[in-house]
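The values are calculated or read from the model by the stated rules, or taken from the named source; none is laboratory data. Only a predicted model underlies this, so the values are computations on that prediction, with no experimental measurement involved. Cβ sites come from the backbone with ideal geometry, for glycine too, and all protein chains shown count toward neighbours.
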Amino acid sequence: GAGVSQSPSNKVTEKGKDVELRCDPISGHTALYWYRQSLGQGLEFLIYFQGNSAPDKSGLPSDRFSAERTGGSVSTLTIQRTQQEDSAVYLCASSSPGSGIYEQYFGPGTRLTVT
Amino acid sequence: GNSVTQMEGPVTLSEEAFLTINCTYTATGYPSLFWYVQYPGEGLQLLLKATKADDKGSNKGFEATYRKETTSFHLEKGSVQVSDSAVYFCALLNAGNNRKLIWGLGTSLAVNP
């Protein structure tokens with residue numbers, strides 16, 4: 001079946017511009033995660049959505065970052081007034097409570113470059 | 001807090017060599033443990049998992065055993081291939097409310113023919 005999809009696959013933007021990154025989770029998966037993978041570093045948790053519960057935003061690095069999930073499916077991560085340190089690969093993952101093990105399935109990522 | 005420590009890379013091996021990538025963790029409760037792999041130019045993929053002590057996860061010739069006494073989940077493969085060249089990430093799943101993965105920094109593996 002279809003996996004997690006993300007768009008765009010690559011985004012180059014100028015410092016100070018806003019960007020929106022999109023994630024389409026696997027159908028039926030109620031949990032959705034955003035991570036950031038910076039060059040030479042591990043994955044950094046950003047935000048977590050679970051069903052209709054309030055999202056866990058504890059990983060967002062600043063108030064320039066926000067995310068929403070509409071209708072319990074598609075999610076958009078927005079970065080306002082981008083900075084060069086925001087350059088990274090942004091990964092989305094989804095999981096299903098029904099799995100019993102909460103395996104997370106990852107999308108291919110969006111590579112963001114801020115010039 | 002919860003954390004994962006894995007051996008630093010890069011690791012360079014010849015084809016058919018034995019592979020071990022060490023991973024140790026610190027966690028409260030009983031986390032689930034995972035190895036993910038990222039092949040060049042591709043997204044992260046789940047390689048194997050274990051959910052309780054003494055479980056052995058295995059896939060594609062790779063194995064890892066959940067050792068609670070040593071808080072370890074070392075990845076092993078008896079005979080690596082060039083196609084195994086990738087970055088390997090150890091992770092634990094927090095047993096708390098948010099179910100977020102706690103990641104190691106990744107270990108790059110290069111297998112030469």
(request) Answer yes or no as to whether B:Lys56 is within 11 Å of chain A (Cβ to nearest Cβ) and charged (D, E, K, R). (result) no
(request) Quick one: in region B:22-36, of everything that is under 25 Å from A:Gly107 (Cα atoms) and more than 11 Å from every other protein chain (Cβ to nearest Cβ), which residue is nearest to the chain's Cα centre (by Cα)? (result) B:Trp35
(request) Six or more apart or on different chains, Cβ under 6 Å: which pairs go from a residue in region B:1-24 that's more than 13 Å from B:Val82 (Cα to Cα) to one that's among the charged types (D, E, K, R)? Could you list them? (result) B:Thr20/B:Glu76
(message) Take the residues in region B:1-10 that are within 14 Å of the chain's Cα centre (by Cα) and surrounded by 13 or more Cβ atoms within 10 Å (Cβ to Cβ); name whichever of them is modelled with the lowest pLDDT.
(response) B:Gly9
(message) Just to be sure I understand, how many residues within region B:59-75 are within 15 Å of B:Thr26 (Cβ to Cβ) and away from chain A (no Cβ under 14 Å)?
(response) 7
(request) Report yes if A:Lys15 is surrounded by fewer than 17 Cβ atoms within 10 Å (Cβ to Cβ), among the charged types (D, E, K, R) and touching a helix residue (DSSP H, G or I) at 6+ places or on another chain (Cβ under 9 Å), otherwise no. (result) yes
(message) Conditions first: (1) more than 11 Å from chain A (Cβ to nearest Cβ); (2) at pLDDT below 95. B:Leu13 passes all but one, so which condition is the exception?
(response) (2)
